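Before any comments, here is the structure.
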Amino acid sequence: MTGDATGRADDLAARQAELVAALVAGGPVPPGFAPAPLAAARAALLRKRAGEVARHWPLLAAALGAQWPARFAAWATDRPTHGSLRDGWDLARALRDEGTLPPLGAEELAVREAGARYDGRRTPRPRRLPALGRVRGALAVQLAGRVRLLRPAPRASLDTAGRDR
């Protein structure tokens, strides 16, 4: 490539990186793009990402019910994806830390914590030695590669409509 072609390729790569950051990592709208269509594309990508995470974390998504898309979008808006499994794991831990992780999500997280090592930075790896996972009262154990939920998370009392109080 000539110097001029290299400069154009570098400029294109930089513009593409700005667009990707605006779409999936909460970056600013790059020059030359209309904000409204970009916001619509960002929302569509967040919905798609929420669906992918829900496939890996079905109990967490089911426990949040109709709140799932909004809760996931609020958490994921400024975070680039690290894959559906890790995104769900990070979200479950964030909900645990803020005290809003529902019991089904706590059980799913306890099972994951017992079955694999995940430090929040690298890909989760299966545990080789026996391990426990404890989250919000839920207890899971992993022995010989099999994970069992020994104790479910305590359920909150329900109101007359069957909702958590």
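Details
- Long-range HN-HN contacts of R117 with modeled amide H, under 5 Å: R125, R127
- Considering only L132, A110, G83, and ranking their Cα positions along the charge dipole of region 55-148 that arises from unit charges at the beta-carbon of Lys, Arg, Asp and Glu, the one farthest toward the positive end is L132.
- Three semi-axes of the equivalent ellipsoid, the chain, Cα gyration tensor, whole Å, largest first: 38, 22, 10
- Protein accessible area in region 1-53, 1.4 Å probe - carbon and sulfur %: 67 percent
- With Cα atoms as the point set, region 58-143 shows a radius of gyration and Dmax of 12.8, 38 Å.
- 3J(HN,Hα) along region 109-115, derived from phi through the Karplus expression 6.51 cos²θ - 1.76 cosθ + 1.60 where θ = phi - 60°, amounts to 5, 4, 5, 5, 5, 6, x Hz, with x in place of Gly and Pro.
- Top positive-direction residue, dipole computed over the chain with Cβ charges, set A54, P35, A156: A156
- 3J(HN,Hα) couplings calculated from phi for region 96-107 with the Karplus curve 6.51 cos²θ - 1.76 cosθ + 1.60 (θ = phi - 60°) are, in sequence order, 4, 5, 8, x, 10, 6, x, x, 4, x, 5, 5 Hz; Gly and Pro show x.
- Residues whose amide H lies under 5 Å from that of G137, counting only those 5 or more places away or on a different chain, are absent; hydrogens are built 1.01 Å from N in the peptide plane.
- Per-residue ellipticity at 222 nm from helix content only, as computed over the chain with -39500 (n - 2.57) for each DSSP H run of at least four residues, stands at -17500 deg cm²/dmol.
- In order along region 10-24, phi translates into HN-Hα couplings of 5, 5, 5, 4, 5, 5, 5, 5, 4, 5, 4, 4, 5, 7, 10 Hz, rounded to whole numbers, per the Karplus curve 6.51 cos²θ - 1.76 cosθ + 1.60 with θ = phi - 60° and x for Gly and Pro.
- Its Cα centre serving as origin, region 34-165 has a Cβ charge dipole (Lys and Arg +1, Asp and Glu -1) of approximately 480 debye.
- Accessible area per residue for the chain is 61 Å², calculated with a 1.4 Å probe on protein heavy atoms, without ligands, DNA or RNA.
- Long-range tail of P(r) for region 1-89 (Cα pairs > 18 Å, %): 51 percent
- Residue order by solvent-accessible surface for T6, T123 is T123, T6, largest first, with ligands and nucleic acids left out and a 1.4 Å probe.
The values are calculated or read from the model by the stated rules, or taken from the named source; none is laboratory data. These figures come from a predicted structure and were not determined experimentally. Note: ideal-geometry Cβ built from the backbone for every residue, glycine included; neighbour counts use all protein chains shown. Calculation scope for accessible area: heavy atoms of the full protein, side chains included, ligands and nucleic acids excluded. Shrake-Rupley method; radii C 1.70, N 1.55, O 1.52, S 1.80 Å.
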